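Below is one structure, written out as structure tokens, with a few remarks after it.
The values are calculated or read from the model by the stated rules, or taken from the named source; none is laboratory data. None of the values given here were measured: they were computed from a predicted structure. Cβ sites come from the backbone with ideal geometry, for glycine too, and all protein chains shown count toward neighbours.
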Ligand SMILES: Cc1cc2nc3c(=O)[nH]c(=O)nc-3n(C[C@H](O)[C@H](O)[C@H](O)COP(=O)(O)O)c2cc1C
Ligand code: SF4
Ligand code: FES
């Protein structure tokens, strides 16, 4: 039977844990003290490398390896905490920002020490107004207590910290766009290489890490790499926070060891499927392929989900019962990518737009069988051919819905179903970013 | 550099200066998005005055500032109603009935999505995932507070509570 394993979420429900004094009473900042007192920066990086900690923002890149890419020479280096959390279905970083912000900050300072960061920027999506204020208060407290600023806790390590708001753009979660946004430019992705670790913010070496990745670091320092390796699977060591939404009885954020069986997870931790039998899941945020129920008997790990035809992604775990209209779901997903495409490259800008238009045409009962070919072509034309991974993220859902739920599209095309739109969406004031069915 | 900020109202300049002090940004241009938030709060939207103030403060051209602001959905590029109702209709909120909430609001307010009531009290827009998917449907007001687990009844009482 699946169980929760609370590491980042340990003590998250303790009253007042977002304040420094309560966090310290529950062992907070002990890891930072250990690092500053007993470990060299290289030892910290080596320990995190050895632990196998993989990034929790979506791509799963080993954190310690990434820190190791930073050049050793002196000078300005930056750590950007990615708190843009905009992947549909994902809301676990929000829980950390609201309830356990000091654990993220402690992890960030440890990471900063490991590779010599001179300044930490915490980039929080602008809609998280409440969380921005909480994190600013937390940063102020940390400065006052001597955990930030000059000569931290009497050591010779110094680092500054800035809390920075976004303003509503999914693409800002992509690391190079985040840097562009932070530099005061339109947030369009940049060419890699140079990778941010070599030339990042203001052309200086920069690490971008997800909130949850950093919030896992203190536990690794305190309990050791071997402890972390003893959790999870060989290729997916450790734990992961899942944001659970959709047709389950107990939606919410759950932290589990990687490798737990997906069906067991739904049944025992998420309280089972609500309103009928399981039809499908999207296990890793809207960007990953949909999984029909028949494929869901698999481990929730990087490799387990990949072998079963999907991906872990951000672990934004969405559940669909048997009554869900999958064509409508992919319409919503495709609208999202059309809305959020930054417009820099043609395949993604045009592809996302036309895909959404065609799906809307099918829903209205005006589709033809040819449309399924066009949809496939448009998605294939974006996959691996776009400037940044948003193009792939927009293609995979379309391809997988066509593969697994083709019959539902055909029901619309052959006139057995029809859906009249309830309204025409307008996604911002005065932007005319309207995604409007043209025919 | 002795700059006189001729287009920046005094109260706004104080907030800009506080941002500069607190932000400790290695380059001033990084203040663009935070300064736009502050200007929007002051003027109610990204009006020409707001653009001029931010441009002057950061020594950028007004067109550059406007071009950047229009990249982000939270910036109102037109004068909105007093209360902007932002309904999330991404996947999880859709599953919980977000579309019915938008349709209900359109009917009740007598406006289309993207519009503003004639008395200037309410504007209505749809937004994409707000990062609270387990508590949907989610509605945000004026880029600020979240209202979760929304129903038609709760929307009605929310409307009444907004002066
Ligand atoms: C379109 C797009 C959106 C992304 N959004 C986020 C996000 O909201 N939060 C996040 O941490 N990573 C996001 N990422 C991944 C980041 O680019 C980056 O891989 C990650 O922040 C690295 O941190 P990690 O190694 O700790 O996971 C996004 C990537 C893409 C392509
Ligand atoms: S793939 Fe899409 S989001 Fe990425 S650069 Fe191209 S247009 Fe922009
Ligand atoms: S889908 Fe509405 S908050 Fe995520």
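A few notes on this one:
- Of residues in the range B:137-163 being touching a strand residue (DSSP E or B) at 6+ places or on another chain (Cβ under 7 Å) and in a loop (DSSP other than H, G, I, E, B), the one farthest from ligand 2 (Cβ to nearest atom): B:162
- Considered as a group, the residues in the range A:188-211 that are within 14 Å of chain B (Cβ to nearest Cβ) and more than 13 Å from residue A:123 (Cα to Cα) include one that is surrounded by the most Cβ atoms within 10 Å (Cβ to Cβ), and that residue is A:206.
- Test for residue A:182: is it crowded, with 19+ Cβ neighbours inside 10 Å and within 16 Å of ligand 2 (Cβ to nearest atom): no
Every residue, every condition in (1) within 12 Å of chain B (Cβ to nearest Cβ); (2) away from ligand 1 (no atom under 15 Å from the Cβ); (3) closer than 30 Å to residue B:39 by Cβ, yes or no:
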| site | (1), (2), (3) |
| --- | --- |
| A:168 | yes, no, yes |
| A:183 | yes, yes, yes |
| A:224 | no, yes, no |
| A:229 | no, yes, no |
| A:236 | no, no, no |
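- Only one of A:102, A:164 that is at pLDDT 95 or above, within 20 Å of residue B:143 (Cα to Cα) and more than 13 Å from ligand 1 (Cβ to nearest atom): A:164
- Candidates B:113, B:93, B:129 - the one that is within 16 Å of ligand 1 (Cβ to nearest atom) and either within 30 Å of residue A:330 (Cβ to Cβ) or at pLDDT below 95 (or both): B:129
- The set of residues from the range A:238-259 being more than 14 Å from chain B (Cβ to nearest Cβ) and within 15 Å of ligand 1 (Cβ to nearest atom) comprises A:238, A:239, A:240, A:258.
- Residue in the range B:69-85 that is crowded, with 23+ Cβ neighbours inside 10 Å, more than 16 Å from ligand 2 (Cβ to nearest atom), part of a helix (DSSP H, G or I) and on the phi < 0 side of the Ramachandran plot present: yes
For (1) away from ligand 3 (no atom under 16 Å from the Cβ); (2) within 23 Å of residue A:253 (Cβ to Cβ); (3) without any contact (Cβ under 8 Å) to a residue 12 or more places away in the chain, each residue gets a yes or a no:
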residue: A:84; (1), (2), (3): no, yes, no
residue: A:88; (1), (2), (3): no, yes, no
residue: A:94; (1), (2), (3): no, yes, no
residue: A:102; (1), (2), (3): yes, yes, no
residue: A:111; (1), (2), (3): yes, yes, no
residue: A:120; (1), (2), (3): yes, no, no
residue: A:125; (1), (2), (3): no, yes, no
residue: A:130; (1), (2), (3): no, yes, no
residue: A:134; (1), (2), (3): yes, yes, no
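- Residue list for the range A:14-25, restricted to those being loosely packed, with under 15 Cβ neighbours inside 10 Å and outside any helix (DSSP H, G or I): A:14, A:15, A:16
- Options A:340, A:350, A:331: the member that is under 22 Å from the mean Cα position of the chain (by Cα) and over 20 Å from residue A:281 (Cβ atoms): A:340
- Screening residue A:153 with (1) away from chain B (no Cβ under 14 Å); (2) assigned to a loop (DSSP other than H, G, I, E, B) gives one miss only, at (2).
- Residues that are at the interface with chain A (Cβ under 7 Å from one of its Cβ atoms) and in a helix (DSSP H, G or I) within the range B:86-97 comprise B:91, B:92, B:94, B:95, listed in sequence order.
- Look at (1) within 11 Å of chain B (Cβ to nearest Cβ); (2) more than 15 Å from ligand 2 (Cβ to nearest atom); (3) in contact with a helix residue (DSSP H, G or I) (Cβ under 8 Å, 6 or more places away or on another chain) and you find that residue A:160 fails only one, number (3).
- Given (1) part of a helix (DSSP H, G or I); (2) free of Cβ contacts under 8 Å to residues at least 12 places away in the same chain; (3) touching a strand residue (DSSP E or B) at 6+ places or on another chain (Cβ under 8 Å), index of the condition residue B:21 fails: (3)
- Elements of type helices (runs of 4 or more DSSP H) in the range A:43-148, at least 1 residues being within 13 Å of chain B (Cβ to nearest Cβ) and surrounded by fewer than 24 Cβ atoms within 10 Å (Cβ to Cβ): A:92-99, A:129-144
- Scanning the range B:133-148 for residues that are over 17 Å from the mean Cα position of the chain (by Cα) and touching a residue at least 24 places away in the same chain (Cβ under 8 Å) gives B:133, B:134, B:136, B:137.
- Number of the condition not met by residue B:25 [criteria: (1) within 12 Å of another protein chain (Cβ to nearest Cβ); (2) farther than 30 Å from residue A:339 by Cα; (3) surrounded by fewer than 18 Cβ atoms within 10 Å (Cβ to Cβ)]: (3)
- Test result for residue A:343, within 12 Å of chain B (Cβ to nearest Cβ) and more than 16 Å from ligand 3 (Cβ to nearest atom): yes
- Residue B:95 meets the stated requirement of being over 25 Å from residue A:166 (Cα atoms), touching a residue at least 24 places away in the same chain (Cβ under 8 Å) and surrounded by 24 or more Cβ atoms within 10 Å (Cβ to Cβ).
- Counted residues, the range B:56-68 - those being part of a loop (DSSP other than H, G, I, E, B) and touching a residue at least 12 places away in the same chain (Cβ under 8 Å): 2
- Every residue from the range B:114-131 that is facing another protein chain (nearest Cβ under 7 Å) and touching a residue at least 40 places away in the same chain (Cβ under 8 Å): B:123, B:125, B:126, B:127, B:128, B:129, B:130
- Scanning the range A:314-344 for residues that are surrounded by fewer than 22 Cβ atoms within 10 Å (Cβ to Cβ), out of contact with any strand residue (DSSP E or B) (no Cβ under 7 Å at 6 or more places or on another chain) and part of a loop (DSSP other than H, G, I, E, B) yields A:323, A:325, A:343, A:344.
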